[in-house]
Amino acid sequence: MARPAVTVAIRAARSAGSVILRYMNRLDSVAVIEKHHLDFVSEVDRQAEREIVRELKRAYPGHAILGEETGASGKAGARFTWAVDPLDGTHNYLRGIPHFAVSIAQLDRGEPVHAVILDPIRNEIFSASKGDGAFLNDRRIRVGKRESLDGAMLATGFPYRERRHLDAQLGMTRELLKHAEDIRRTGSAALDLAWTAMGRLDGYFETGLKIWDMAAGCLLVREAGGRYGDLTGREGVPESGNLVAANHLLAEQIVTAIAPSLTSELKR
């Protein structure tokens with residue numbers, strides 16, 4: 001049975017998902033703002049986040065909330081913080097590409113302890129609580145069993161705000177493609193991590209993620225029997241936002257393969 005925090009997060013994600021789907025057939029009328037160079041936010045992102053924040057505050061008025069669009073709110077210094085990405089994959093969404101998600105995680109002093117990722121197009125809800133395992137629509141999921149990079153299907157992203165690392169990322173990609181079957185760039189970090197947790201993907205790496213991009217997905221991977229950490233192999237949610245996630249054997253091999261391409265900044 002899902003923990004109460006997960007039940008609340010699912011309800012909040014469903015509310016956000018309803019907003020997202022409601023606008024799908026009239027994207028030409030959606031107002032869009034460029035927050036930073038090549039980094040866009042739409043009125044859909046903001047409305048979806050308002051739905052999530054309302055549900056979370058109703059259930060947990062003493063918790064803090066960190067939303068991608070609205071920033072920090074709630075009780076300062078609170079033990080529990082909710083990391084919220086109301087529409088992970090905004091660029092896909094605005095182009096009508098049906099691959100995006102709602103991502104919600106509860107953090108206990110910075111560590112993810114409850115997670116929900118909703119894919120509203122496929123009606124798939126990924127959920128996890130620390131120590132309880134990971135689930136897709138109430139069915140337990142596990143990371144893939146692949147023991148080698150040979151033939152692996154990996155995923156990555158090229159963040160709009162981290163193009164200064166492009167040469168290093170291309171170097172990592174080149175090294176991994178010497179062995180892997182392929183590398184996908186889907187446009188949603190949350191779904192890349194959720195799919196890694198259930199074995200659709202064998203592993204994932206990216207630079208420049210924010211806590212709301214990765215917190216829920218990281219917990220899913222760990223509760224599905226996998227491992228996550230920074231690009232050098234240090235375990236835990238990386239403050240740098242530079243992430244590797246896979247099963248234990250494959251995570252080590254990814255870290256080893258990309259090591260020659262890492263700059264001193266990416267090793268921090």
Legend entry - Cα long-axis angle, helix 189-198 against the chain (0 to 90 degrees, to the nearest 10): 70
Inset, instruction - Sort the following peptides by mean Cβ neighbour count (other Cβ atoms within 10 Å, averaged over residues), highest first: 140-146, 220-226, 178-184. - result: 220-226, 140-146, 178-184
Inset, instruction - Could you give the C-alpha radius of gyration of region 4-141 expressed as a fraction of 2.2 N^0.38 Å, taking N as the number of residues it contains? - result: 1.03
Inset, instruction - Mind checking the full-extension length gain between Arg174 and Glu239? Use 0.36 nm per residue of separation minus the Cα-Cα distance, one decimal, nm. - result: 20.9 nm
Legend entry - Helix 43-59 axis, angle to the chain major axis (alpha carbon atoms, nearest 10°): 70
Legend entry - Kirkwood-based shape ratio for the chain, expressed as Rg/Rh from alpha carbons: 0.95
Inset, instruction - Would you calculate the separation in nanometres between label points at Ser264 and Lys210, each defined as 7 Å from the Cα along the Cα-to-beta-carbon direction? - result: 2.9
Inset, instruction - Run the quick spin-label model on Asn25 and Arg79: label points 7 Å from Cα toward the beta carbon, then report their separation in nm to one decimal. - result: 4.7
Legend entry - FRET efficiency, 1/(1 + (r/R0)^6) with R0 35 Å, evaluated for Arg142 and Glu111 via beta carbons: 0.95
Inset, instruction - Report the percentage of all Cα-Cα pairs in region 153-261 whose separation exceeds 19 Å, rounded to a whole percent. - result: 33
Inset, instruction - Would you calculate, for the chain, the mean residue ellipticity at 222 nm contributed by helices, counting each DSSP H stretch of 4 or more residues as -39,500 (n - 2.57) and dividing by all residues, to the nearest 500? - result: -10000 deg cm²/dmol
Legend entry - Per-residue ³J(HN,Hα) for region 110-125, Karplus 6.51 cos²θ - 1.76 cosθ + 1.60, θ = phi - 60°, Hz, x for Gly and Pro: x, 9, x, 10, 9, 8, 9, 10, 10, 9, x, 6, 8, 6, 10, 10
Legend entry - Rel. contact order, % - alpha carbon contacts under 8 angstrom, at least six apart, region 4-141: 21
Legend entry - About the Cα centre, charge dipole magnitude for region 101-248 (Lys/Arg +1, Asp/Glu -1 at Cβ), debye: 100
Inset, instruction - Name the residue farthest towards the positive end of the dipole of the chain from the options Ala2, Gln106, Ala189, assuming +1 on Cβ of Lys and Arg, -1 on Cβ of Asp and Glu, about the Cα centre. - result: Ala2
Inset, instruction - Please list, or write none, the lysines whose alpha carbon is within less than 25 Å of the alpha carbon of Lys178, excluding same-chain residues fewer than 8 places away. - result: Lys145, Lys267
Legend entry - Net length gained if the chain between Glu252 and Arg95 were fully extended (0.36 nm per residue, minus Cα distance): 52.9 nm
Legend entry - Acute angle (nearest 10 degrees) that the helix 4-22 long axis makes with the longest principal axis of the chain, alpha-carbon atoms: 80
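Every number here is computed from the coordinates shown, using simple stated rules; none is lab data. This one's a predicted model, so the numbers in the text were calculated from it and none came from an experiment. Neighbour counts are summed over all protein chains in view; Cβ atoms, including those assigned to glycine, are modelled from backbone coordinates with ideal geometry.
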